[in-house]
Amino acid sequence: MKKRFCLISAVMVLILTFTMTSSVYAFKWPWERDEKVGNVREMVEGPIKIGFMGNLSSPFSLSSRGAAQMAVDEMNAAGGIMGKQVELIIEDTKGEIPKCVEIYKKLVMVDKVLAVIIAEKVEMSAAGMEIGAELFPEFPHLFFSTIGSGDVIWHRVRDNYDKYKFGFQTYYAISTHYLEKFSGMFTDIYKNTMGVKKVALIYEDMEWTQPLRKGIPGVSPRLAEVYEKAGLEVVYETTLSLDQKMFNSVFEEVAASGADVIDCVIGYIDQASFIKQWEQSSARDTQWIIWGGLAGMPPIWKMTGGKVLGGMVGSSMVAVNITPKTIPFMVNLYTKYKVGPIFGSHTTYDTLFGFKKALETGKTLVDVDTIIKSLETIEEVAVLGTIGWNAEKHYNLPSPKYVTPIVQWKKDGKMYVIYPEQYQQKPYESPVNIRK
């Protein structure tokens with residue numbers, strides 16, 4: 001009797017052990033083994049999770065959040081990714097780096113997201129990427145910076161690929177690309193569109209402008225040197241603090257320098273005050289070009305009382321048909337998600353569809369190394385051209401793959417593309433002539 005009881009007990013223990021093991025096997029591991037064919041078959045429980053974070057009091061991050069949600073909604077309506085629905089987990093950093101780090105940990109360790117998107121300035125993305133590198137060995141995931149334009153993200157990938165290979169920089173105009181591509185574009189505009197030669201350079205004191213102000217030893221020269229080599233004359237240079245509100249003295253110095261054009265390497269300073277003070281200064285007849293930011297958004301006309309008239313800026317907020325996705329993206333973002341298509345929104349939206357293509361190309365939802373290799377090779381039609389990433393440095397493919405139109409504010413209070421020529425909507429006019 002005792003032997004029979006022991007035998008029954010042993011059988012029960014084996015059954016219980018097998019049941020518990022099977023349960024753990026099913027819920028803990030992202031794969032299961034098919035013994036009949038001897039291979040590993042992926043098994044992902046629930047939706048594919050993607051984390052999104054940004055400063056949700058900032059227009060840039062709010063626009064990117066709307067674009068991210070639109071991309072996810074469109075994917076899910078079309079059947080998801082490889083038959084799985086996609087879930088977007090949205091978090092607010094409030095513009096604070098410590099909070100960004102805290103949220104990044106939560107998304108990766110608790111929510112178990114497959115990818116993290118940071119739609120904010122590059123300093124925030126750099127902090128997230130660093131904590132991501134610590135977590136990556138135990139929690140493999142992907143990271144995308146969709147607004148930051150500094151070089152720190154791709155420098156890390158270049159200098160320590162194995163540690164930072166999970167990180168990708170989607171904002172296309174990183175500082176080096178600004179130098180390589182934008183300087184050539186602006187040189188063409190100054191010499192051939194405007195017919196001018198003397199340039200005043202105004203920078204803002206941020207990480208993304210440093211390579212342009214100072215150059216990168218052994219990598220790239222200063223922007224002023226590039227212009228001068230191209231036959232332009234840099235007659236004035238200055239750097240503005242982000243906190244600066246008074247610009248009158250700067251404009252008076254620009255006027256005294258004899259500059260024909262003011263090249264404004266700015267994106268985050270108080271552009272409304274900057275523009276209003278320009279219009280009241282001795283430099284009001286000197287054309288300015290701002291590289292990006294509020295000056296390229298519709299609200300700036302009202303904020304400046306129309307003083308932005310004649311100003312030129314790199315802007316993605318103008319309805320020009322660059323690809324079949326351009327106009328539908330802008331219309332849907334406005335009408336369905338109630339935000340404007342600020343520059344970071346395009347790159348956020350395109351990132352998600354590039355990510356989708358990489359998963360489908362690699363035929364995996366769990367093998368992050370395979371997904372990384374797919375991201376390094378794929379190209380996909382995007383809102384402003386083509387989305388894709390450099391295989392060695394993980395930055396987005398620059399112009400002419402990805403396009404930023406240069407627009408000018410006209411008398412009807414609207415922006416019109418003046419460059420590149422193939423997308424031109426109206427010709428360039430000088431500030432003097434446009435006010436007549």
Mind checking which residues of region 259-315 are modelled with pLDDT of 95 or more and aromatic (Phe, Trp, Tyr)? 274, 278, 288, 301
Quick test of your reading of the structure: residue 249 fulfils all but one of (1) closer than 20 Å to residue 60 by Cα; (2) free of Cβ contacts under 8 Å to residues at least 12 places away in the same chain. Name the failing condition by number. (1)
Residue selected from region 197-210 under the condition more than 11 Å from residue 263 (Cβ to Cβ) and not polar (S, T, N, Q), by the criterion surrounded by the most Cβ atoms within 10 Å (Cβ to Cβ): 208
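Where residues in region 372-396 are of a type in the set (Ser, Thr, Tyr) and outside any strand (DSSP E or B), which of them is nearest to residue 85 (Cα to Cα)?
Within region 372-396, the subset of a type in the set (Ser, Thr, Tyr) is 374, 377, 386, 395.
Next cut, outside any strand (DSSP E or B) only: 374, 377.
Working: 374: 20, 377: 24 Å.
Across region 372-396, the extreme among qualifying residues is 374.
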Only residues that are in contact with a strand residue (DSSP E or B) (Cβ under 7 Å, 6 or more places away or on another chain) and among the hydrophobic types (A, V, I, L, M, F, W, C): list them for region 392-436, please. 397, 403, 406, 407, 409, 415, 417, 418
Only one of (1) among the β-branched types (Val, Ile, Thr); (2) crowded, with 18+ Cβ neighbours inside 10 Å; (3) out of contact with any Ser or Thr (no Cβ under 7 Å at 6 or more places or on another chain) is not met by residue 103, so which one is it? (3)
Quick one: in region 372-389, of everything that is over 15 Å from the mean Cα position of the chain (by Cα) and in contact (Cβ under 8 Å) with a residue 60 or more places away in the chain, which residue is surrounded by the fewest Cβ atoms within 10 Å (Cβ to Cβ)? 372
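Listed here are the residues, each with its yes/no results for (1) surrounded by 18 or more Cβ atoms within 10 Å (Cβ to Cβ); (2) part of a loop (DSSP other than H, G, I, E, B); (3) of a type in the set (D, E, K, R).
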position: 370; (1), (2), (3): no, no, no
position: 399; (1), (2), (3): yes, yes, no
position: 413; (1), (2), (3): no, yes, no
position: 426; (1), (2), (3): no, yes, yes
Of the residues that make up region 275-284, is at least one under 15 Å from residue 415 (Cα atoms), touching a helix residue (DSSP H, G or I) at 6+ places or on another chain (Cβ under 9 Å) and of a type outside the set (Phe, Trp, Tyr)? no
Could you say which residue among 302, 356, 336 is out of contact with any Leu (no Cβ under 6 Å at 6 or more places or on another chain), surrounded by fewer than 17 Cβ atoms within 10 Å (Cβ to Cβ), touching a residue at least 60 places away in the same chain (Cβ under 8 Å) and of a type in the set (D, E, K, R)? 336
Restricting the first residue to region 279-296 and requiring it to be within 20 Å of residue 149 (Cβ to Cβ) and assigned by TED's automatic domain parsing to the domain that holds residue 247, which pairs with a second residue that is assigned to a loop (DSSP other than H, G, I, E, B) and among the polar types (S, T, N, Q) meet a Cβ separation below 8 Å and a spacing of at least six or different chains? 292/315; 292/404; 295/315; 296/315; 296/316
Could you tell me whether any residue of region 271-285 is in contact with a Gly (Cβ under 8 Å, 6 or more places away or on another chain), among the aliphatic types (A, V, I, L, M) and under 22 Å from residue 339 (Cα atoms)? no
Of the residues that make up region 154-167, is at least one in contact with an Asp or Glu (Cβ under 8 Å, 6 or more places away or on another chain) and surrounded by fewer than 20 Cβ atoms within 10 Å (Cβ to Cβ)? yes
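With region 65-180 as the region, which strands (runs of 3 or more DSSP E) entirely inside it contain at least 3 residues that are of a type outside the set (S, T, N, Q) and under 28 Å from residue 330 (Cβ atoms)? Steps first, answer last, please.
Values: elements: 86-92, 115-118, 142-145, 167-169.
Once the strands (runs of 3 or more DSSP E) in region 65-180 are filtered for at least 3 residues that are of a type outside the set (S, T, N, Q) and under 28 Å from residue 330 (Cβ atoms), what remains is 86-92, 115-118, 142-145.
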Could you please find all residues in region 191-212 being in a loop (DSSP other than H, G, I, E, B) and not β-branched (Val, Ile, Thr)? 195, 197, 205, 206
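The values are calculated or read from the model by the stated rules, or taken from the named source; none is laboratory data. Treat the numbers as computed from the prediction; the structure is a model and nothing was measured. Every residue, glycine as well, gets a Cβ built from its backbone with ideal geometry; the counts of neighbours run over all protein chains shown.
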